[in-house]
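Just so it is clear, none of the values below were taken in a lab; they were calculated from the coordinates. Not measured: the values here are computed from a predicted model. When we count neighbours, we look across all protein chains shown, and the Cβ atoms used for this are built from the backbone with ideal geometry, even at glycine.
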Amino acid sequence: MIKISASLLRQIYDHTEASYPNECCGLMIGTTDNEKNHIVHTFRTCKNLNQERARDRYDMDPLDMLRVEREFEKSPWDIIGIYHSHPDHPSRPSQTDTDRAWPDYSYVIISVQKGTATSAQSWVLNEGERKFHEEPLLTEGDSR
Amino acid sequence: MSNVTVKIPTPLRPITGGQSEVKIEGATVGEILRKMDAQFKGFAERVLDDGRNVKRFINVFVNEDNIRDKKELETEVKNGDTISILPSIAGGTVGAVYDRPGRS
């Protein structure tokens, strides 16, 4: 499970909408509890280095990831996941997402339809199967 | 020999027993990564292709410098340097493949 406040998720939506029709990406920073649930405390936008196919691909700038690592190295927070947008596509992982995924991170995918973020789902890689499985994404006030 | 700190990303921490950083000695990045493998079984398999190159989807930085812009594993380190191992993060929209919760 991943927990995120509605306001943070709204800010991530804002990033995905501002980047439309291109894909965008960022890092979610927070904590992991004993049951491996992720709690998002903040996020950082990252640069998509893929200019040629920005509409259907993203390559996160490794320097952005390094900067985020450095920024939070003295804090109890850590990089717990990655978000990226799927412009005019569902919030489900593609084969490319699966091929390039890492275990233990939450991958939040936001579907942006005609410039408006319409759904978000979170996925975790089962490394043995090399397949994504959906995990519950709880926003503040969500009673599920 | 230099004393450096190696930063471990979350996906590799099961190999290091949960440690997020490790202090280790060495003269080059390659030597340090091989020592990491001696200390943490399976480390090199996750980070190196054949013992001579860093895997394509891994980035290794010495302080702020990507070793691909330096001398790869022959990049020298000095006392107090930080080596950061970072997964390369990428993806895209084409071709949905997924499982719903509860499926195995």
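Proximity of backbone amide H atoms, modeled 1.01 Å from N, is registered between A:Phe132 and A:Asn126, B:Asp99 at under 5 Å, excluding neighbours fewer than 5 places apart on the same chain.
How high is the relative contact order of region A:10-97, in percent, counting Cα pairs under 8 Å that sit 6 or more residues apart? It would help to have the intermediate numbers written out before the result.
Numbers: 132 pairs, mean separation 29.9, N = 88.
Here the relative contact order equals 34 percent.
Taking R0 as 41 Å, what FRET efficiency do you get between A:Asn126 and A:Arg44 from their Cβ-Cβ distance, rounded to the nearest 0.05? FRET efficiency, A:Asn126 to A:Arg44: 0.95. Residue by residue along A:89-99, Cβ atoms of other protein chains within 10 Å of the local Cβ number 6 on average.
Computed from the alpha carbon atoms alone, the convex hull of the protein assembly as shown holds 127 Å³ per residue.
Taking Cβ atoms as reference points and 12 Å as the exclusive limit, the residues near A:Leu49 contribute a net charge of -2, counting Lys and Arg as +1 and Asp and Glu as -1. Straight-line reach from A:Lys3: taking Cα to Cα under 23 Å and skipping same-chain neighbours fewer than 8 places apart, the lysines in range are A:Lys36, A:Lys74, A:Lys131. How much of the calculated P(r) for region A:17-99 lies past 18 Å, in percent of all Cα pairs? It works out to 47 percent of all Cα pairs.
The HN-Hα couplings worked out from phi for region A:3-13 by the Karplus form 6.51 cos²θ - 1.76 cosθ + 1.60 (θ = phi - 60°) are 10, 8, 6, 4, 5, 5, 5, 4, 5, 5, 4 Hz, whole numbers, x standing for Gly and Pro.
With the biggest extent put first, the Cα atoms of region B:1-94 measure 48, 30, 23 Å across the principal axes. Looking at region B:38-92, the trypsin sites (Lys or Arg not before Pro) that sit in a DSSP loop and have at most 11 other Cβ atoms within 10 Å of their own Cβ are B:Lys41, B:Arg52, B:Arg56, B:Lys78. Dividing the summed -39500 (n - 2.57) terms of all DSSP H runs of n ≥ 4 by the residue count of chain B sets its mean residue ellipticity at 222 nm at -4000 deg cm²/dmol.
Counted over the protein assembly as shown, the DSSP beta bridges are approximately 75% antiparallel.
Multiplying the sequence separation of A:Arg10 and A:Asp99 by 0.36 nm and subtracting their Cα-Cα distance, what value in nm do you get?
Gain in length upon complete extension: 29.2 nm.
Enclosing the Cα atoms of chain A in their convex hull gives a volume equal to 111 cubic angstrom per residue.
The lysines whose alpha-carbon is closer than 20 Å to the alpha-carbon of B:Lys35, local same-chain residues fewer than 8 away aside, are B:Lys7, B:Lys23, B:Lys55, B:Lys71, B:Lys78.
Rounded to the nearest 500, what is the 222 nm mean residue ellipticity of chain A from helices alone, with -39500 (n - 2.57) per DSSP H run of 4+ residues and division by all residues?
On the way: 3 runs with 29 residues, N = 144.
Helix contribution divided over all residues of chain A: -6000 deg cm²/dmol.
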